[in-house]
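Structure first, commentary second.
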Amino acid sequence: MKILLVEDDKTIASGLEYSLQQDQFSTILCHDAASAKKVIAEELNNISLCLFDLSLPDGSGYELCKLVKERSDVPVIFLTAIDDEVNVVMGLDMGADDYITKPFRVRELISRIKTVLRRYQKQPQSKIIIEIQNVRINTLEGKVYKNGGEILLTALEYRLILIFANHIGQVLSRNQLLEGIWDVAGDFVNDNTLTVYIKRLREKLEDHPQNPQLIKTVRGLGYKVGD
């Protein structure tokens, strides 16, 4: 598997590249946003995961993450010295899959990389177009439409509706949903947060959010979409 590593500190980058290669990953190393953008434009289809330093001399990991997620559902992990909840949530809402704060142990980073990759590999293959009542999901574009108009969703909201769409007619427990979106928002997703995101989805997708017909509550069991 090939990893795109973008880190402006050449000492850290060299150590990470060596450790990744020792663990049988191949790497593409960039030290700035400009060279990373070129790789993303030309080689993204061959990349399994991206590791982005948040602060770069000519840009940020945020813009690189946005660029990647606009083109493909390649997982992204941020490397940063900023240990601040606002920055964490902003990065995760942009579609990042994990966030590790420097200094970190290389073995911990590699463990997180493997966890994220396993979760992506376990995801069922989606149809390109999924239709549920008056909602249409284009998985190739990563976009959701209601009655033909695009509905803007955060990365976590999109992953949540995609989980429902891949299990139409099945009752999913809250624990199953939390497990399914853990890789998007890590420890910041708890039971209360899940309730909030389901409420947001209903407000965006239901004709009558107070009487939901798309995302139905199955009392005592969980939620289901479709028959």
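Only the coordinates and a few stated rules stand behind these numbers; no lab work does. Everything numeric in this text was worked out from a predicted model, so none of it was measured. A quick note on method: Cβ atoms are made from the backbone with ideal geometry, for glycine too, and the neighbour counts reach across all protein chains shown.
Observations on the structure shown:
- Straightening the chain between ASN134 and LYS146 buys 3.7 nm, computed as 0.36 nm per residue apart minus the Cα-Cα spacing.
- Distance between the 7 Å Cα→Cβ label points at SER173 and THR11: 4.9 nm.
- Taking θ as phi - 60° and the Karplus parameters 6.51, -1.76 and 1.60, the scalar couplings of the stretch 27-38 work out to 9, 10, 9, 10, 10, 8, 5, 4, 5, 5, 4, 5 Hz in sequence order, x denoting glycine and proline.
- Taking Cβ atoms as reference points and 14 Å as the exclusive limit, the residues near ALA33 contribute a net charge of -3, counting Lys and Arg as +1 and Asp and Glu as -1.
- Pairs spanning more than 23 Å between alpha-carbon atoms, out of LYS2/LYS143; LYS69/LYS224; LYS38/LYS69; LYS114/LYS199; LYS2/LYS38; LYS2/LYS66: LYS2/LYS143; LYS69/LYS224; LYS114/LYS199.
- In the stretch 129-225, Rg over Rh equals 0.93, where Rg is the alpha-carbon radius of gyration and Rh the Kirkwood radius from pairwise Cα distances.
- Look at the dipole of the chain built from charges on Cβ: of LEU29, GLY226, CYS65, the Cα furthest out on the positive end belongs to GLY226.
- Within the stretch 129-225: Cβ-based charge dipole about Cα centre, in debye rounded to nearest 20 (Lys, Arg +1; Asp, Glu -1): 280
- Ranking of MET94, MET1 by count of other Cβ atoms within 10 Å, fewest first: MET1, MET94
- Fully extended contour minus Cα-Cα distance, from ASN192 to ALA41, at 0.36 nm per residue: 50.5 nm
- Note, ³J(HN,Hα) from phi for the stretch 7-14, Karplus 6.51, -1.76, 1.60, rounded to Hz, x at Gly and Pro: 8, 7, 7, 5, 5, 5, 4, 5
- The residues neighbouring GLY149, those whose beta-carbon lies less than 12 Å from its own, together hold a net charge of +3 under the Lys/Arg +1, Asp/Glu -1 convention.
- Of the residues LEU160, LEU178, ASN147, the one whose Cα sits farthest towards the positive end of the charge dipole of the stretch 129-225 is ASN147 (charges of +1 on Lys and Arg Cβ, -1 on Asp and Glu Cβ, taken about the Cα centre).
- Highest-fluctuation residue, ASP207, ASP53, ASP98 considered, GNM on the chain with Cα pairs under 10 Å: ASP207
- Residues whose amide H falls under 5 Å from that of ILE151, counting only those 5 or more places apart or on a different chain, are VAL144, TYR145, LYS146, with hydrogens built in the peptide plane.
- Dipole moment magnitude, nearest 20 debye, the chain about Cα centre, only Lys, Arg, Asp, Glu C-beta charged: 920
- From the coordinates shown, Cα Rg over 2.2 N^0.38 Å corresponds to which of [x] 1.32; [y] 1.07; [z] 0.97: [y]
- Pairs of alpha carbons in the stretch 2-122 whose separation is greater than 16 Å (percent): 56
- Local electrostatic count at ASP8 - Lys and Arg +1, Asp and Glu -1, tallied over other residues with Cβ under 13 Å: -3
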